[in-house]
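Bear in mind that the values in this text are calculations on the coordinates, not laboratory data. Everything quoted here is computed from the prediction, not taken from an experiment. Cβ: placed from backbone, ideal geometry, glycine included. Neighbour counts: every protein chain shown.
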Amino acid sequence: MPNLDQTHDRSLRSWIESANEPDCDFPIQNLPLGVFRRRGSSDPPGIGVAIGQSIFDVPGAVQANLLAGISPETACALCAPSLNQFMSQGRESCSTARQSISHLLQADTPTLRDNAELRERMVVSRADAELLIPVQIGDYTDFYASIHHARNIGSMFRPDNPLLPNYKHLPVGYHGRASSIVISGTAIRRPYGQAKADDAQLPTFGPSKLLDYELEMGFFVGPGNGLGHRIAMREAPEHIFGMVIVNDWSARDIQKWEYQPLGPFNAKNFATTISPWVVTLDALEPYRVADAARGEGSGGDPPLREYLKPTDDMGYDITVEVYLTSQLMRDRELEPMLISRGNFTEMYWTIAQLLVHHTASGCNLRPGDLLASGTVSGRTEDSRGCLMERTWRGQNPIQLPDGSNRKFLQDGDEVIIRAYCHKDGAARIGFGDCRGVILPAG
Ligand code: CA
């Protein structure tokens, strides 16, 4: 059962009016963390909390002694230029800070509401802010946790044997590249690479022709584990700080030629985009559900090794959507087109299992490491999380409202991924946008 407290109360309202709009991603029940600076200023970057159309300046509030109940260590961590130090402190300090910030922003708390000077200092319009990568990401790992995605991709290459024998026993992953992780809104340069047509004798080298997105959810590691130590399943929630949307840009032609025997390399290392606001596990608590996709004994699932057995519900009910807009659509002011809609509960492995399996060897995870789920694909055609699956390798192109069609991404295309949680009895919360425009190869 979810552990809910006063911060989740659906009836809570903020004195920041834009947070009370019905479809707002950032109501007072969400309070996701990011790092920002005032646009055009030379201010050092600082931690902020998204609230409605505004950002609450956290170090400003710490310096004015407005955050009741937080420890001196937490106060210090909240004044850092990235979230790593705060992430290292674990769930309890995160929950305390959440309660304190929630109280300050509630409609019936006068401290800031009735003090124009303080409010001016601590509430910044999102339009006036530049959002930065919120975490110094030391390491990035990408998994393959959707069985529908694995089956679809597998069946294109191995029609008789789509799912490899290990799939239902361990979460398959690979070590990704942290240096090329960029914040939503960063343009993506079409990569160069090697590709080889099946009937060609030699590979070619040039701009990728089969550029794709992958809709994923990622999570940041909290305190983490020492080298040689494992994280047990029951400890996993303490080590997961919060989640973001991830777009694992992928060059399919490069991938096809290079991936054997060691997995993807240049096909994926040129860029990965994340959404700017980290939605904490506390905020997601009303949406924590049974991990429904995998059930021992059902659907032919084999028994799990003991270390991967769930000790609590760790599924998350998150709706995920991909939109596409071409340069021509933007020129004609056409709305972005919905390409797919799925749900994170369809994943075969939970984020807790990804984390625990990563440390099973004694590999140390550090605060701020990013672990991504792999493409989130559901059972149906319209819930497939990449173009490779959505157009079935280009066999079923998507018709865009500008009259063109898409097998893979063209220069000028913008991919917009959105994610949100909603259900009766809880406040709707969202992740904001994760977007990027494709630039021609340089
Ligand atoms: Ca991926």
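Values computed for the structure shown
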{"item": "Simple Cβ-charge dipole of the chain, Lys/Arg +1 and Asp/Glu -1, about Cα centre, in debye nearest 20", "result": "860 debye"}
{"item": "Signed unit charges on C-beta, dipole axis of the stretch 140-439, positive-most listed residue Phe270, His357, Gly228", "result": "Phe270"}
{"item": "Cβ-placed point charges (K, R +1; D, E -1), dipole of the stretch 6-132 about Cα centre in debye, nearest 20", "result": "160 debye"}
{"item": "Selection from Phe241, Ser208, Thr380, by position along the positive dipole direction of the stretch 140-439 (Cβ)", "result": "Ser208"}
{"item": "Gain on full stretching of the segment that runs from Arg151 to Asn166 - 0.36 nm per residue minus C-alpha separation", "result": "4.1 nm"}
{"item": "Percent RCO, i.e. relative contact order, over the stretch 117-222, from Cα pairs under 8 Å lying at least 6 residues apart", "result": "21 percent"}
{"item": "Spin-label proximity, Asn269 to the stretch 191-218 - amide N less than 17 Å from point 7 Å beyond Cα toward beta carbon", "result": "191-195, 206, 208"}
{"item": "Sum of -39500 (n - 2.57) over DSSP H runs of 4+, divided by residues of the chain (222 nm, nearest 500)", "result": "-5000 deg cm²/dmol"}
{"item": "Net charge dipole size for the stretch 233-302 [Lys, Arg +1 and Asp, Glu -1 on Cβ; Debye, nearest 20]", "result": "280 debye"}
{"item": "Approximate spin-label separation Asp23-His175, in nm, with each point projected 7 Å along Cα-to-Cβ", "result": "4.4 nm"}
{"item": "Neighbourhood charge, 13 Å Cβ-Cβ cut-off, centred on Gly442 and excluding it, Lys, Arg +1 and Asp, Glu -1", "result": "+1"}
{"item": "Signed unit charges on C-beta, dipole axis of the chain, positive-most listed residue Ser18, Ile101, Tyr348", "result": "Tyr348"}
{"item": "Contact order normalised by residue count of the chain, Cα under 8 Å, 6+ apart, percent", "result": "21 percent"}
{"item": "Net length gained if the chain between Lys209 and Arg121 were fully extended (0.36 nm per residue, minus Cα distance)", "result": "26.8 nm"}
{"item": "Long-range amide H partners of Val35 with built H, under 5 Å", "result": "Gly48, Leu132"}
{"item": "C-alpha long axis of helix 147-157 to longest principal axis of the chain, angle in °", "result": "20 degrees"}
{"item": "Listed residues Phe143, Phe205, Phe56, most fluctuating in the chain (Gaussian network, C-alpha, under 10 Å)", "result": "Phe205"}
{"item": "Residues Leu4, Leu66 arranged by fewest to most Cβ contacts within 10 Å", "result": "Leu4, Leu66"}
{"item": "Convex hull volume per residue for the chain, taking Cα atoms only, in Å³", "result": "153 Å³"}
